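A.B. asks: Attaching a single structure in structure tokens format; questions to follow.
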Amino acid sequence: MISAEEALRIILEAVRAVRGETIGVARAAGRTAAEDITCRTDVPPFDNSSMDGFALRSSDVAAAGPGRPVRLALAGESSAGNPFGAKLPARAAVRVMTGGVIPRGADTVVPLEQAEGAGTGAVLIRAPSRAGSYIRRRGEDIPRGRRVIVRGDLLTPPHIGVLSSLGRTRVSVARRPRTAILATGDELVPPGRIPGPGRIRNSSSYALAGMVEEAGGEPRFIGIARDRKEAIRRKVLRGLAADILLLTGGVSVGARDFVGEVLRDAGVDIRFWKVNIRPGSPLLFGVARRTLVFGLPGNPVSTAVTFLQFVKPALRRMLGQRDVFPFRFAALADESLECGGGKRCYLRGIVRSEAGTLRVRTTGSQSSGVMTSMLAANCLIVLPEGGKALSPGDLVEIELLRDPASGARSGGKRSDA
Ligand code: AMP
Ligand code: MG
């Protein structure tokens, strides 16, 4: 059985990046840049004030002191959007507002709070002011010619702001990888139906669709295939038109687990089957022409965990992103933790901050059938292959599943015990 690391290497090696498409910048948050973006103008485009105050010549106030105020005539005003058009006259100041253009001739700004009005038409300055003070220089944020966004950057609201300040209204982003989702199982009925005896609702297709969207893909439902080779085959052939085909269930060694066989017969080149992890060890991965095919185990927790660990990095690499692995960091374990069997384990955990120290416990039962463990969890605890048993107070590695402040159940009775 291969390790998780080896499995990821095989998957990422098979990934081919999708093409770009041009969209409006206002809708680009969450998408991945498919072009480098170089600044064609200086940002800011002109020297401007970072404070409300007075623009003046530093040489005029060099001799100012508490007992020796310098009196400067007020020559006018420069507010944001309304520049003072002329050159600053000798021994004068211009009232300037944040964002206002620094008038020609002025080289410093004295904030309002450090100046005194001397009746209308003049201002008293009681201290020297260094040249350049409170002035935002033209180009100091982004000089013309600088590359500010690199192909593969995940675009966030600040990127949208920067793009807009550069005058961009459209941007090339990676097309969302079309991700077909096919559930398999004689027991499954669509969520809108009342399950008959021995039946359950198909939940994983929809949980997966949500995760696909979060990861930047575009989910497409292929429905439910019964546990018959021909039924699976028909839907697999449809799914192979997508960039990624996700199947759930039927990938283990049960008498009605046909997914591996059907995929092979459909021309999918199986690159691995079974990974040394828990949950999710029956994971299968193959490639058919341009389509990456994942056979995800059927237990909903295994489905979710294998998606996050193996499909999401593939999706992100397909989008052209560079950092595709979940960010991991350490927390103190609240309880004894053990993986066993030499496997890598992904436990559903709840992390919290206690006076700035991260502490983590499990959600309770780690059975892969306990769907609510994903609901309660705000992180995954990653125990390495062959690691020793951990005691309370030991450091463990965790990966956030969501903002820890949002919704993870803390304290009280464990809902999934
Ligand atoms: P399998 O991998 O097909 O043996 O399925 C393992 C377990 O996961 C069984 O209890 C299935 O009923 C359950 N399961 C499989 N697919 C789904 C699904 N799409 N939604 C919810 N549960 C599922
Ligand atoms: Mg099944």
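Coordinate-derived values only; no laboratory data. All values reported here derive from a predicted model rather than from experimental measurement. Note that each Cβ is placed from the backbone with ideal geometry, even for glycine, and that neighbours are counted across all protein chains shown.
A.B. asks: Sticking with the crude label model, points 7 Å out along Cα→Cβ, report the distance from S59 to L375 in nm, one decimal please.
C.D. replies: That separation, rounded to one decimal, is 7.5 nm.
A.B. asks: Report the calculated FRET efficiency for A131 and S164 (r = Cβ-Cβ distance, R0 = 22 Å), to the nearest 0.05. Don't jump to the answer; show the numbers that get you there.
C.D. replies: Working: r = 32 Å, r/R0 = 1.45.
Efficiency, rounded to the nearest 0.05: 0.10.
A.B. asks: Could you pull out every Cys in the chain that lacks a partner Cys with its beta carbon under 4.7 Å away?
C.D. replies: For the chain, the answer is C39, C379, because their Cβ atoms have no other cysteine Cβ under 4.7 Å.
A.B. asks: Calculated FRET efficiency, A73 and F46, Cβ-Cβ r, R0 22 Å, to nearest 0.05? Don't jump to the answer; show the numbers that get you there.
C.D. replies: Numbers: r = 24 Å, r/R0 = 1.10.
The value I calculate is 0.35.
A.B. asks: Let me ask something additional. Modelled label-to-label distance, A122 and T38, 7 Å Cα→beta-carbon offset: nm?
C.D. replies: For the pair A122/T38, the computed spacing is 5.3 nm.
A.B. asks: Among all lysine pairs in the chain that are eight or more places apart or on different chains, how many have alpha carbons less than 27 angstrom apart?
C.D. replies: Lysine pair count for the chain: 8.
A.B. asks: Let me ask something else. Would you mind calculating the gained length between E338 and A86 on full extension (0.36 nm times residue separation, minus the Cα-Cα distance), in nm to one decimal?
C.D. replies: Here the answer is 83.2 nm.
A.B. asks: Sticking with this one: When the label point is put 7 Å from the Cα of R402 along its Cα-to-beta-carbon vector, which residues of the range 196-225 have a backbone N closer than 17 Å?
C.D. replies: 204, 206-216
A.B. asks: Moving to a separate point now. Applying the Karplus parametrisation 6.51 cos²θ - 1.76 cosθ + 1.60 with θ = phi - 60° to the phi angles of the range 81-98, what ³J(HN,Hα) value in whole Hz is obtained for each residue in order, glycine and proline being reported as x?
C.D. replies: Here the 3J(HN,Hα) series is x, 10, x, 7, x, 9, 7, 5, x, 4, 6, 9, 10, 10, 5, 10, 10, 3 Hz.
A.B. asks: Given the DSSP H assignment, sum -39500 (n - 2.57) over each helix run of at least 4 residues in the chain and divide by its residue total; what's the result at 222 nm in deg cm²/dmol, nearest 500?
C.D. replies: Result for the chain: -4500 deg cm²/dmol, rounded to the nearest 500.
A.B. asks: Report the local net charge at R16: Lys and Arg +1, Asp and Glu -1, summed over other residues whose C-beta lies under 11 Å from its C-beta.
C.D. replies: Net charge in that neighbourhood comes out at +2.
A.B. asks: What does the extension gain come out to for D269 and R256, with contour length at 0.36 nm per residue minus their alpha carbon separation? Walk me through the intermediate numbers first.
C.D. replies: Values: separation 13, 0.36 × 13 = 4.68 nm, distance 2.13 nm.
Once the chain is fully extended between D269 and R256, it gains 2.6 nm.
A.B. asks: Enter the Cα centre distance for the pair the range 75-114 and the range 264-342, rounded to the nearest angstrom.
C.D. replies: 60 Å
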